[in-house]
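Peer 1: Following this message is one structure expressed as structure tokens.
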Amino acid sequence: MISPLILIIEDEKPVRNFLGASLKSQHYKVLYGENGSEGISLAASHNPDLILLDLGLPDIDGIDVIMRIREFSTAPILVLSARGEEQEKVEALDLGADDYLGKPFGTPELLARIRAGIRRKHLAKSNGDGNSPVFTLSTLTVDVEKHLVMIEGREIHVTPTEFKLLSVMVRHPGKVLTHTFLLKEVWGSISASETQSLRVYMANLRRKLEIDPANPRFFRTEVGVGYRIIDE
Ligand code: CA
């Protein structure tokens with residue numbers, strides 16, 4: 001297998017070096033962007049398999065870097081956020097970042113997220129970039145065309161709204177989906193009452209599809225951010 005290429009966009013040299021060394025030890029190929037504009041042009045010229053992006057950059061705001069890269073690239077973007085950047089983190093996810101890691105983070109966590117990001121990219125490809133009607137995540141199968149939900153081949157009855165929420169989530173396996181994104185996709189609007197509904201429908205899906213709803217295997221809560229459907 002060809003080593004995946006990771007683009008690191010980070011202005012702080014020690015962090016950049018740490019990230020680079022961790023990735024090279026796992027046989028990833030690495031490219032460095034020292035600021036936002038260099039990062040954007042490297043993303044365009046080298047088509048990396050995944051992008052690690054620090055939100056606090058000296059020239060261009062990290063949020064703008066995401067928007068500019070999303071104009072031409074669907075490469076998974078893993079945001080590195082410092083403490084106190086909670087709002088920016090949510091905004092980054094809303095604007096097209098796939099995942100985030102809060103600084104400081106350990107190497108195992110970093111590598112796990114990178115593996116997940118790259119796996120997701122391949123999964124998206126094999127699922128025809130989200131247009132395939134059938135999604136399979138371990139024991140869970142969702143047939144979007146036939147409105148069919150199965151666990152280990154056993155059909156599970158879900159309501160139309162539960163189905164809508166589930167189909168949005170299975171289209172983005174492993175990705176952090178913000179409250180705003182899910183509300184817009186499922187209800188078409190964002191209001192306090194719908195935020196409450198989202199919580200209720202998520203609880204329903206867990207009750208119907210999880211073996212142990214208190215320790216969800218598929219539907220993870222990202223506190224203060226949203227939800228993530230686990231793809232392993
Ligand atoms: Ca920085």
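The values are calculated or read from the model by the stated rules, or taken from the named source; none is laboratory data. In this text the structure is predicted, and so the values were computed from the model without any measurement. Because the Cβ atoms are built from the backbone with ideal geometry, glycine has one as well, and the counts that use them run over all protein chains shown. With ligands, DNA and RNA removed, areas are computed over all heavy atoms of the protein, side chains included. Shrake-Rupley method; radii C 1.70, N 1.55, O 1.52, S 1.80 Å.
Peer 1: Of everything in the stretch 52-73 that's out of contact with any strand residue (DSSP E or B) (no Cβ under 9 Å at 6 or more places or on another chain) and of a type in the set (A, V, I, L, M, F, W, C), which residue is farthest from the ligand (Cβ to nearest atom)?
Peer 2: As a first pass, look at the stretch 52-73 and keep what is out of contact with any strand residue (DSSP E or B) (no Cβ under 9 Å at 6 or more places or on another chain): 58-61, 63-64, 67-68, 71-72.
Now narrow it down to the ones that are of a type in the set (A, V, I, L, M, F, W, C): 60, 63, 67, 72.
Working: Ile60: 12, Ile63: 13, Met67: 18, Phe72: 24 Å.
The selected residue is Phe72.
Peer 1: Then there's this: Quick one: which of Val79, Val142, Val158, Val65 is open to solvent by less than 10 Å² (accessible area, probe 1.4 Å) and not assigned by TED's automatic domain parsing to the domain that holds Tyr32?
Peer 2: From the options Val79, Val142, Val158, Val65, the qualifying one is Val142.
Peer 1: Return the pair list, or none, for Cβ contacts closer than 8 Å from residues in the stretch 46-58 that are without any contact (Cβ under 8 Å) to a residue 60 or more places away in the chain and open to solvent by less than 30 Å² (accessible area, probe 1.4 Å) to residues that are assigned to a strand (DSSP E or B) and of a type in the set (S, T, N, Q), at least 6 apart or on different chains.
Peer 2: What qualifies is Leu55/Ser81.
Peer 1: Right, next: For the stretch 31-71, enumerate the residues that are under 13 Å from Ile8 (Cβ atoms) and among the aliphatic types (A, V, I, L, M).
Peer 2: Within the stretch 31-71, Leu31, Leu42, Ala43, Leu50, Ile51, Leu52, Leu53, Leu57, Val65 meet the criteria.
Peer 1: Where residues in the stretch 104-120 are open to solvent by 50 Å² or more (accessible area, probe 1.4 Å) and in contact with an Asp or Glu (Cβ under 9 Å, 6 or more places away or on another chain), which of them is modelled with the lowest pLDDT?
Peer 2: Per the criteria, the residue is Arg119.
Peer 1: Restricting to the stretch 39-68, count the residues that are modelled with pLDDT of 95 or more, in contact with a helix residue (DSSP H, G or I) (Cβ under 9 Å, 6 or more places away or on another chain) and part of a helix (DSSP H, G or I).
Peer 2: Residues in the stretch 39-68 being modelled with pLDDT of 95 or more, in contact with a helix residue (DSSP H, G or I) (Cβ under 9 Å, 6 or more places away or on another chain) and part of a helix (DSSP H, G or I): 8 in total.
Peer 1: Continuing with the same structure: Within the stretch 4-38, work out how many residues are within 16 Å of the ligand (Cβ to nearest atom), part of a loop (DSSP other than H, G, I, E, B) and within 20 Å of Pro108 (Cβ to Cβ). Give the steps one after another, and end with the answer.
Peer 2: First pass over the stretch 4-38, keeping only residues within 16 Å of the ligand (Cβ to nearest atom): 7-20, 32-38.
Retained after the next criterion (residues that are part of a loop (DSSP other than H, G, I, E, B)): 10-12, 34-35.
Subsequent filtering for residues that are within 20 Å of Pro108 (Cβ to Cβ) retains 10.
Final tally of qualifying residues: 1.
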